[in-house]
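Values in this text are rule-based calculations from the coordinates and carry no lab data. Given the structure is predicted, the values throughout are model-derived calculations rather than measurements. Quick reminder, even Gly has a Cβ in these numbers, built from the backbone with ideal geometry, and neighbours come from all protein chains shown.
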Amino acid sequence: MAEVWQTWPWWMRLHARRVLRQQPRTHQAGSGQGVERTVASMSTPLGIKPLYHFTCADGHRRIGRYNCLLMPQSMWPFVWLTTEPVPDFEATGLTSITLDCDRTQFRYVVTDVSVCRPWLGSPERGRVSRPFLCEMEEHGDPEHWWISTEPVRAEWDRTWQRQRAS
């Protein structure tokens with residue numbers, strides 16, 4: 001079976017390879033470092049706390065477990081991220097209203113935020129239709145939303161378990 005990245009268009013594979021070469025690896029396999037670190041101990045070189053990306057089982061299969069790269073998708077031409085390690089999932093837009101899957105099942109941590117920017121004030125926000133933007137932000141926490149139009153290196157957080165309401 002072909003790897004998922006082999007099904008991407010040639011230009012996306014080329015761009016992903018360039019991004020991977022430019023971003024240093026955060027740990028070596030078997031070094032005892034990496035995703036086993038506690039999330040609280042992580043921070044970016046600029047002192048910014050890490051960003052988080054949540055996804056369902058299908059997204060997790062596409063992103064992978066090692067050497068992970070978050071890619072812009074077809075519905076949105078950018079990667080969605082949040083500053084909150086345990087966000088209000090409804091306010092973050094991670095409900096299962098439009099999709100049947102649990103989009104909070106897996107969490108990825110982004111520590112290199114050099115290609116990321118806050119949603120508020122971004123040029124992409126200005127391109128969204130006014131009615132849709134109002135609806136989206138009225139019930140959300142846009143001050144915690146970040147985006148990237150480029151691929152973003154991330155680490156799968158194996159320690160993540162969503163706390164279910166009792």
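What's the extension gain from HIS60 to GLU124 if we count 0.36 nm per residue and subtract their Cα-Cα distance?
Length gained, HIS60 through GLU124: 20.5 nm.
For CYS101 and SER74, what is the calculated FRET efficiency with R₀ set at 22 Å and r taken between the beta-carbons, to the nearest 0.05?
It comes out at approximately 0.85.
7 Å from Cα along Cα→Cβ at both ARG158 and SER114: what's the point-to-point distance in nm?
With each label point 7 Å from Cα toward Cβ, the separation is 2.7 nm.
Would you mind getting the Kirkwood hydrodynamic radius of region 108-165 from its Cα pairs, rounded to one decimal in Å?
Its Kirkwood hydrodynamic radius stands at 13.6 Å.
Read phi for every residue in region 80-90 and hand back ³J(HN,Hα) as whole Hz from Karplus 6.51 cos²θ - 1.76 cosθ + 1.60, θ = phi - 60°, with x for Gly and Pro.
So the Karplus estimates, Gly and Pro as x, are 8, 9, 9, 7, 9, x, 9, x, 6, 5, 5 Hz.
Are there GluC sites (Glu not before Pro) in region 59-166 that DSSP puts in a loop and that have at most 12 other Cβ atoms within 10 Å, and which ones?
For GluC sites (Glu not before Pro) across region 59-166 that sit outside H, G, I, E and B with at most 12 neighbouring Cβ atoms in 10 Å, the list reads GLU90.
When the gyration tensor of region 44-156 is built from Cα positions, what are the square roots of 5 times its three eigenvalues, in whole Å, from largest to smallest?
Numbers: eigenvalues 84, 62, 35 Å².
Result for region 44-156: semi-axes of 21, 18, 13 Å.
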